[in-house]
Amino acid sequence: MLLVILFGSSYLLYNLQALSGDPLAEFKTSRDPEVESQIKATIEQLRLDVPAPLRYFIWLRGVLGIFIGQPDFGKVRTGEPVGEILIDAIPVTIRLVFGATIIAILLGITIGVVTALRQYSRFDYSMTFVAFLMFSLPIFWVAVLLKEFMAIQFNNFLSEPNIPTGWIIGIAGFVALFFGAILGRSRRTFWIGFFSAGGFTALLLAIIDARGWILEPGIGPIFFAVMAILIAFGVTQISMGVGHKPSLYASLSVAVAGAITYFPMQSLFKRESQVTVLLGGLVVALVIAGIATMIFARIDRGPVYRTSSITAFIIGIIMIVDKLMQTWGPYVSSGDVQYRPVPTIGERNPLIETTDFWVALLDTLLHMFLPTIALTLIGFAGYVRYTRGTLLDVLNQDYIRTARAKGLNERTVIMRHAFRNTMIPIVTLLVVDFASVVGGALITENVFAWRGMGTLFRQAIGTFDLNLLMGIFFVTATLALVANLVADLLYSALDPRVRVGSGK
Amino acid sequence: MSEDRKQSSFGADTQSDIFSKETEGLSQSQIVRKRFFQHKAAMTSLFVLLGIVFFVFSAQSISLGPVKYPGWWKYDYEQISDLRIAECEGGVVGCPSLDVLPSFIDGTPMQIGEHPFGQDDIGRDYFAMVMRGAQRSLLVMVIIGTLGAALGTVIGAIAGFFRGWVDAILMRFTDFIITVPTIVLGSVIGYHFGNLGAVFLAFFLGIFAWTGISRLVRGEFLKLRELEFVDAARVAGASTRRIIFKHILPNAVGVIIVSATLLMSGAILLETGLSYLGFGVVPPDVSLGLLISSYQDAFTVRPWLFWWPGIFIIAVALCVNFIGDGLRDAFDPRQRRGMSRKDKASLARGESK
């Protein structure tokens, strides 16, 4: 069935595109004396002597070679095989889409849950407004603004990194309002949240400013240990509640283990093969979490292990961030960057030729910075609204009232009963989103001049390059179909009430 | 035992109390209308949107067959006039003459001036261009939204109601349409029929814009047709047509209207995106997306060429989204707006307010 759809739509697309323009148009106006032979060569190369409805089958025969292990997607007009070009372009697009989607999901679901729990509060109203504003933004418009304010002016700021006092007060006030609104159920908790978050931010910014931290950042072992302990408390509070002693002890011991491994990891980070180190680190972290669970929990080990492994994972991420911060100073001041680290175009800096894993990683991340922000801003609004709507629906259900009635505490009701049922429709949304975003990155790639699939797509349309276009179509259509299928399967698997195609 | 019974029936009574207070003696559509009128953000957006539509469409000339309305703004979007130099700062030309701040704040009096939104690089009046662009974009939005919603409802309803092989065929057809990239369609129309203009483009895109709605409507029909009232209607001898139009469709109309508004706000962005890539509205006609894409490099020198069309896109899309949100709340029977959790809890405990 899938193959029939793919066949049909690719046939339609091929002929539509063949209708849309004349690949020989550029020769018509050419004054080159050898234009005749060029036309002849192009006709031969693109098989223009065969009419498009039949030419499609030549292309199809090449693609079907995939079953005998020799796929042939044809050649682009400059002569390179389409397969090789695509293999270069796909990772670029995936990198762009992947990071943005993950951040959008995490941020969107978190804010969506909070707005649902604080329905009709000021926080809810302002977040609704922000979400709708994001919905309404054309991405290229955002991109131009980001380039101006996040890149050019931020780079200007870096050449003389002093945070003005007005800014400190402004940022701290904003953070204070945000956290006050999230935490505030009553007036008292609002002011507690307001002053503690605002005071903390202001203090942090003042220290950053005073110590020249922006050019020489780093977390340092002591602060790292403090953060690890705090993370352990936070994760436990959200998942099991700090009252649950086994979880708390397990994640705390993971945090202590993380703090102890800080110095050994610093020397390991200097090794050659960083991928192995990172993967090994992940495995070790999970094993430590497992051991801690075994020691502290006798029953109900699953949730405890989940808590401690999430703690371990977040601590690992912080460790990597710390290493990246240490790389920041030399990177920014190096001759190729010259204190303008946030680039406006491209997917990596062509001047930097380094084998150092961390410099390359930092460079890639910095180039991802603006496009990711742009895509995230636009993507996360949908998740906020969707999560909010679904969670409100779920909270009105009878089984939630039952859960409350049997005396479960609010966190268990929300996290175990409500949130899990909220995830059912969101998972299906997510799957489809991943596939469609590859097409949606077209404009973003174009604005930021990334050499991904979107750019190829535009090139293919502009030069009437059928083989290239069909190659891209092959990738995106396959992705879209597979995603739809997975979404359908997930939907009926997660929600047994849905009956599909069962006849009468 | 009797205590238990009393408890549970007590809960149900207070629930229906809540409903009856708000909706006593009103029909379904009256309830929906009442709720929508109470939704402040949606009503504000509705008025703002109507204001924008009226403002935009009256500013520039529109011709409907033989009838031609001239428009109240003195310049036409294609008309070239002398570039304004005198009062601009920093040696740029064609800056906007609009000043919304009164003189006691910035020293210059409030005024509209000769070219309120400034001029483009060859001296065309930018206000006229933005108005014309907004006309095109609004038109495209409405056409795509209406056409997409109508097609999507029909296809989704048929698929969801009849299920089986009809559903299978229609849904595979939907998948088929989803896989054809809109942008290729846009480029094909652009190449062959580019001179036919924005309305034609909108119709063509609308024909392919129904996929999302049809999936939603299908899902809604799959769910509704299993419910008791449909069985009851069938047992009472209602025909298939009657069941679809009188029993199921009114229950699904909320989903349809809401997703149609979302489709509209998506459509205005689709049009701007296509025009940005050069596949949508083509010069000499203008649309908001085309204006932004033509002048994106001018941002540092002449930012007004960039700000105005963007502000109009955002304003329109934002209004449409808020209206959609208000409609969703109005159609949702479980939503009880303006009632905090504390009120609900006190009602549930049986305390009078």
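List of remarks:
- Inclusion of A:ILE238 among residues that are at pLDDT 85 or above and surrounded by fewer than 20 Cβ atoms within 10 Å (Cβ to Cβ) is not warranted.
- Sole exception among (1) surrounded by fewer than 19 Cβ atoms within 10 Å (Cβ to Cβ); (2) in contact with a helix residue (DSSP H, G or I) (Cβ under 9 Å, 6 or more places away or on another chain); (3) of a type in the set (Asp, Glu) for A:ASP398, by number: (2)
- Matching residues, region A:101-117, being buried (at least 19 other Cβ atoms within 10 Å of the Cβ) and not β-branched (Val, Ile, Thr): A:ALA104, A:GLY108, A:GLY112, A:ALA116, A:LEU117
- Top-ranked residue of region A:174-188 - restricted to ones that are loosely packed, with under 15 Cβ neighbours inside 10 Å and at pLDDT 80 or above, ranked as nearest to the other protein chains (Cβ to nearest Cβ): A:ARG188
- The set of residues in region A:180-236 being among the β-branched types (Val, Ile, Thr), over 27 Å from A:THR307 (Cα atoms) and not in a helix (DSSP H, G or I) consists of A:ILE214 alone.
- Search result, residues across region A:299-333 that are of a type in the set (Lys, Arg) and in contact (Cβ under 8 Å) with a residue 40 or more places away in the chain: A:ARG306, A:LYS323
- Count of residues meeting criterion [buried (at least 24 other Cβ atoms within 10 Å of the Cβ) and more than 8 Å from chain A (Cβ to nearest Cβ)] in region B:290-300: 2
- B:VAL154 vs. criteria surrounded by fewer than 24 Cβ atoms within 10 Å (Cβ to Cβ), more than 29 Å from B:VAL286 (Cβ to Cβ) and not charged (D, E, K, R): yes
- Test result for A:ARG458, among the basic types (Lys, Arg), under 17 Å from A:GLY112 (Cα atoms) and part of a helix (DSSP H, G or I): no
- On inspection, A:TYR14 passes the criterion of being within 14 Å of another protein chain (Cβ to nearest Cβ), part of a helix (DSSP H, G or I) and at pLDDT 70 or above.
- Matching residues, region A:230-285, being among the polar types (S, T, N, Q) and closer than 23 Å to A:MET325 by Cα: A:THR261, A:GLN266, A:SER267, A:SER273, A:GLN274, A:THR276
- Qualifying positions in region B:267-289 - more than 10 Å from chain A (Cβ to nearest Cβ), of a type in the set (Val, Ile, Thr) and more than 16 Å from B:MET129 (Cβ to Cβ): none
- Residue within region A:52-61 that is at pLDDT below 70, farther than 30 Å from A:LEU485 by Cα and assigned to a helix (DSSP H, G or I) present: no
- Set A:ALA197, A:ALA210: member being among the small types (Gly, Ala, Ser) and touching a Phe, Trp or Tyr at 6+ places or on another chain (Cβ under 6 Å): A:ALA197
- The C-beta contact set for region A:454-483 (first residue more than 10 Å from chain B (Cβ to nearest Cβ), second residue part of a helix (DSSP H, G or I) and among the hydroxyl-bearing types (Ser, Thr, Tyr), distance under 7 angstrom, 6+ apart or interchain) comprises A:LEU466/A:TYR14; A:MET470/A:SER10; A:MET470/A:TYR14.
- Selection within region B:238-288 - small (Gly, Ala, Ser) and over 25 Å from B:ALA128 (Cβ atoms): B:ALA238, B:SER239, B:ALA252, B:GLY254, B:SER259, B:ALA260, B:SER265, B:GLY266
Table: residues versus (1) touching a residue at least 12 places away in the same chain (Cβ under 8 Å); (2) of a type in the set (Val, Ile, Thr); (3) more than 10 Å from every other protein chain (Cβ to nearest Cβ).
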site	(1), (2), (3)
A:GLN119	yes, no, no
A:ALA131	yes, no, no
A:VAL142	yes, yes, no
A:ASN156	no, no, yes
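- Look at region A:380-407: where a residue is within 11 Å of chain B (Cβ to nearest Cβ) and a partner is charged (D, E, K, R), sitting 6+ places away or on another chain with Cβ atoms under 6 Å, you get A:ASN396/B:ARG334.
- Helices (runs of 4 or more DSSP H) wholly inside region B:206-310 that include at least 1 residues being more than 21 Å from the chain's Cα centre (by Cα) and farther than 30 Å from B:LEU185 by Cα: B:211-224, B:228-235, B:249-277
- Among the candidates A:LEU361, A:LEU408, A:LEU366, residue that is surrounded by fewer than 21 Cβ atoms within 10 Å (Cβ to Cβ) and modelled with pLDDT of 85 or more: A:LEU408
- First in region B:279-303 and free of Cβ contacts under 8 Å to residues at least 12 places away in the same chain, second anywhere and surrounded by 17 or more Cβ atoms within 10 Å (Cβ to Cβ), Cβ under 6 Å, 6 or more apart: B:GLN296/A:VAL144; B:PHE299/A:VAL144; B:PHE299/B:PHE306
- Per this entry, A:ILE139 is not counted among residues that are surrounded by fewer than 19 Cβ atoms within 10 Å (Cβ to Cβ), farther than 23 Å from A:MET423 by Cα and in contact with a helix residue (DSSP H, G or I) (Cβ under 7 Å, 6 or more places away or on another chain).
A quick yes/no check of all residues on (1) part of a loop (DSSP other than H, G, I, E, B); (2) within 23 Å of A:ALA104 (Cα to Cα):
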residue	(1), (2)
A:ALA289	no, no
A:MET294	no, no
A:MET325	no, no
A:VAL342	yes, yes
A:PHE369	no, yes
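The values are calculated or read from the model by the stated rules, or taken from the named source; none is laboratory data. On a predicted model such as this, the values are computed, not experimentally measured, just so you know. FYI the Cβ positions are ideal-geometry reconstructions off the backbone, even for glycines, and counts take in every protein chain you see.
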